[in-house]
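First comes the structure, then the notes that go with it.
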Amino acid sequence: MGDAGLHRRRLLRPGVRRRAAVLGASGTAGQIAAVPHKLLELSAELDEPQIQPWVPGEAPPDEIVSVLGHWWTEGTQFTFSWKDGKLEGRAAGQPKQIPPAIFERLTADLYRTVSGREAGEHLRLTRGDDGKVVRMNWATYRVTRDQQTF
């Protein structure tokens, strides 16, 4: 609740360090109503956003390409991706602030989860005749391209 006759407006731009406040009384409300919006426009022109631009990462190694994409285990969908030179696994709907599972290669078809979900457990890849990964086992749980009963 504001004081009788006092008008306040607070508008913020996330990630911007510059701040301003506009206060006025009932007799000046008409004259100052546009000031906060003008300040935001100036801020947008003068302040660089604090957003890291997206840049493409390095391509995954050929032997990992068939692992990338959507997989299912125990009724949960996971997306495996290659980021910053590492294999990652993230459950569908997992909040971005929760880190993904990150894997390190032990042998050609054996990885260990170094952090995140199932940390310390193995991810074993099974390849078909064409050399592509057709099934995985993560912490001994079957991981398949389509949802199956357990």
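Read-outs: derived from the displayed coordinates by stated rules, not from any lab. Being a predicted model, the structure only gives us computed values, none of them experimental. In this analysis, Cβ positions are derived from the backbone assuming ideal geometry, glycine residues included, and neighbour counts consider all displayed protein chains.
Numbers below:
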item: Hz values of 3J(HN,Hα) by residue in the range 129-135 - Karplus curve (6.51, -1.76, 1.60), Gly and Pro given as x; result: 4, 7, x, 7, 6, 10, 7
item: Sparsely packed trypsin sites (Lys or Arg not before Pro) within the range 48-117, loop by DSSP, other Cβ within 10 Å at most 15; result: Lys96
item: Calculated FRET value between Ala108 and Ser81, using beta carbons and R₀ = 22 Å, to 0.05; result: 0.65
item: Per-selection Kirkwood Rh - the range 62-143 (Cα, Å, 1 d.p.); result: 12.7 Å
item: Cβ-derived FRET efficiency at R0 35 Å, Ile32 paired with Ser115, nearest 0.05; result: 0.10
item: Sequence of Glu48, Glu41 once ranked by neighbouring C-beta atoms within 10 Å, starting from the fewest; result: Glu48, Glu41
